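Since the structure comes first, as structure tokens, the remarks are kept for the end.
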Amino acid sequence: MIRKATYTIVLLFSFFSFSQTENCTSIYLIRHAEKNRVEKTNKNPHLNRKGIVRAARWSDVLRNIKFDKVFSTNLFRTLETADPILKANDLKVIKYSPSKQFYNNFIEQNNGITTLIVGHSNTTPSFVNSLIEEDFYDDIEDNNNGNLYYVHKCGDDLPTHVLYYIN
């Protein structure tokens, strides 16, 4: 049943990707996969085994999306989450620092393309809220690494957005 739901979501994302026009922007946002929590003081841990599996699963779920750019914060867990998707799209990562200024200019600087953003439990929802110009999404619970946000904007229309959970 989960596999069928995954394929349904993939088909939905494929529709969004293929229905774009030059004036449309598609942005997919995820939180990094599960990180190693053995050393509590480590501010830059790598993914744990479950996280490595999830990173590969993200690549599988998003395999029909042709990304033009992939952005990640400069931490091991986000870079390692992005890596399988980067390889599948033959892209190099673009590192970013979360900030309101970066968020506010994102759509105009990436107009007409499809991007993936890999962030964190507090930065990803803030980024989405900035893109949709509404305080809609709360921070992600610490045990949740499966949220997939999708923001789509065409021309002067308000952006549409949706949140999926992929376990």
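The values are calculated or read from the model by the stated rules, or taken from the named source; none is laboratory data. These numbers were taken from a predicted model, which means no experiment stands behind them. Using ideal geometry, Cβ is built from the backbone for each residue, glycine included, and neighbour counts are taken over all protein chains shown.
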Within the bounds of the stretch 51-60, is there any residue that is assigned to a helix (DSSP H, G or I), surrounded by 14 or more Cβ atoms within 10 Å (Cβ to Cβ) and of a type in the set (Ser, Thr, Tyr)? yes
Using beta carbons and a limit of 9 Å, which pairs, at least six apart or on different chains, have the first residue in the stretch 48-63 and within 15 Å of Thr78 (Cβ to Cβ) and the second one polar (S, T, N, Q)? Asn48/Asn36; Gly51/Asn36; Gly51/Thr81; Gly51/Asn145; Arg54/Thr81; Arg54/Asn145; Ala55/Thr81; Trp58/Thr81
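Identify, please: which residue in the stretch 72-94 is β-branched (Val, Ile, Thr) and in a helix (DSSP H, G or I) and is, among those, farthest from Gly51 (Cα to Cα)?
Narrowing the stretch 72-94 to residues β-branched (Val, Ile, Thr): 73, 78, 81, 85, 93-94.
Narrowing the set further to residues that are in a helix (DSSP H, G or I) leaves 78, 81, 85.
Working: Thr78: 10, Thr81: 8, Ile85: 14 Å.
So the residue we want is Ile85.
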Out of Ser121, Ser97, report the one residue that is within 12 Å of the chain's Cα centre (by Cα), at pLDDT 95 or above, within 23 Å of Ala55 (Cα to Cα) and part of a loop (DSSP other than H, G, I, E, B). Ser121
Can you say whether Asn143 is at pLDDT 95 or above, within 30 Å of Asn42 (Cβ to Cβ), in a loop (DSSP other than H, G, I, E, B) and among the polar types (S, T, N, Q), as far as the supplied structure shows? yes
Going through the stretch 100-111 one residue at a time, which ones are in a helix (DSSP H, G or I) and over 15 Å from the mean Cα position of the chain (by Cα)? Lys100, Gln101, Phe102, Asn104, Glu108, Gln109
Checked the stretch 57-86 for anything basic (Lys, Arg), in contact with a helix residue (DSSP H, G or I) (Cβ under 8 Å, 6 or more places away or on another chain) and over 27 Å from Asn42 (Cα atoms); matches are Arg63, Lys66
